[in-house]
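Note sheet for the following structure.
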Amino acid sequence: MNKLPKRFAVPALVGASALLLAACSSGEGDAEPTDSATSTTEAGADLPDSLTLALVPSDDVEQITADGEALAEALSAELDIPVEVFVPDSYNAVVVALQTGQADIGFLGPIAMWQAHEEAGAEIVLQAVRYGSSEYVGQWFTNDPGTYCLDDVTTEADDEGINYSYCNGATGYDGPQGEDALALIPEDASIAWTDATSASGYYFPAIQLAGILGIDDAASAFPNGFFAGGHSQTVQAVYDGTATIGLSYNDARGNLAEEFSDVGEKVVVFAYTKNIPNDGVVLNGDLSAEAQDTLTQALLDLAATEDGLAALDAVYEIEGLEPANQAAFEDFVAPTYATFGGE
């Protein structure tokens, strides 16, 4: 059944227990997490006198700063050293802060995580978990299922009784799906892309289309397409008929369900991108390996506590942390970043 995820507002799932880092230093990876700073700090004492945690701003800078300070306080208690919060005005500013030594820890989306790795030498260490998964998909949806649904439309109700429709196997949040239908998209199609820097709403779908249709630039290949400015906006555009096809994270239709109870039936999901790594955590590459292990374990330990999870949820609706899937970043995120020139 389709679930209604809360996504990372910068453009992002209780129940998900943090997994212990497989490669912890000092052989302590099998130890049970504790609420005290003792086990973490003893695992690696090679830490700076203080740390700076960089957070990408979301909808409300004041709120993300306040929530970030609560997270920093929790991490400070875990490590027993001061942790300050830095909230710049963009992803790039976080990358620059990591590059110039102004930040030690950064919370970023998947493309920016790889950018930080490439441009700032940052280490990708953790991914956010939502609804038990550290991955999500970009979803294609339409108000013209007669054209883009190559099999029967299936409708399922969520726990609130709201119906959500899909076809071509695009359910369950495991991609890719429905790629035969993507081959049917004509040049004059009206496509509502999310934003020019959105992973699920543009970057990854554009890469997908390039492979299927042999196009170089998805935005210019469809002159009737437009950037709607957000995930909810693309759903609204297809619901209203302003666009025939839209892109978003899964399942942004839920954002409009309270206002438009039939949105899940009028807006039919017909394809998925490949699975995309969730947003996550990178560390300054100038930190020693011991310090990186200590910080990674401290964040995992923090996510295993009630207060720590509450802090993570307040900041970016994170419901757990787990070690980053390095293969997914190398095989999928890296070429996408390269294609778009690190924009």
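Taking the number of Cβ atoms within 10 Å of each Cβ as an exposure proxy, the fewest-first ranking of 226, 270, 86 is 226, 86, 270.
In summary, the convex hull built on the alpha carbon positions of region 137-276 has an orientation-averaged projected area of 7.2 nm². Expressed per residue, the C-alpha convex hull volume of the chain stands at 122 Å³. Put in line by how crowded their Cβ is, counting other Cβ atoms within 10 Å and starting with the fewest, 117, 231 read 117, 231. Calculated [222 nm] ellipticity per residue, helices only, for the chain: -9000 deg cm²/dmol; basis is -39500 (n - 2.57) per DSSP H run with n ≥ 4, divided by all residues, nearest 500.
A Förster radius of 35 Å combined with the Cβ-Cβ distance from residue 70 to residue 326 puts the calculated FRET efficiency at roughly 0.70. By the beta-carbon count within 10 Å of each Cβ, the least crowded to most crowded order of 212, 185, fewest first, is 212, 185.
Per q in 0.13 1/Å, what log10 I(q)/I(0) does a Debye calculation on the alpha-carbon atoms of region 112-177 return? Evaluating at q = 0.13 Å⁻¹ gives log10 I(q)/I(0) of -0.58. With the simple spin-label model, which puts each label point 7 Å out from Cα in the Cβ direction, the residue 163 to residue 290 separation comes to 6.3 nm. In a DSSP loop and with at most 16 other Cβ atoms within 10 Å, the GluC sites (Glu not before Pro) in region 213-297 are 258, 259. Per-residue extension of 0.36 nm, minus the Cα-Cα distance of residue 340 and residue 213, leaves a gain of 44.0 nm for this segment. Highest mean packing comes first when the peptides 245-254, 202-211 are listed by Cβ atoms within 10 Å, giving 245-254, 202-211.
Computed over the alpha carbons of region 107-218, Rg followed by Dmax gives 16.5, 48 Å.
Which FRET efficiency value, to the nearest 0.05, do you get for residue 314 and residue 131 by plugging their Cβ-Cβ distance into 1/(1 + (r/R0)^6) with R0 = 25 Å? The calculated FRET efficiency here is 0.90. The Cβ shell under 10 Å around residue 50 holds other residues with a net charge of -3, Lys and Arg each +1, Asp and Glu each -1. In the frame of its principal axes, region 208-254 has Cα extents of 32, 21, 16 Å, reported largest first. Within region 206-343, the ratio Rg/Rh, alpha carbon atoms throughout and Rh by Kirkwood, equals 1.05. Among bridges DSSP assigns within region 137-276, what percent are antiparallel (round to 5)? Here the antiparallel bridges make up roughly 75 percent for region 137-276.
Only the coordinates and a few stated rules stand behind these numbers; no lab work does. Values in this document were obtained by computation on a predicted structure and should not be read as measured data. So basically every Cβ, Gly included, is an ideal-geometry build from the backbone, and we count neighbours across all protein chains shown.
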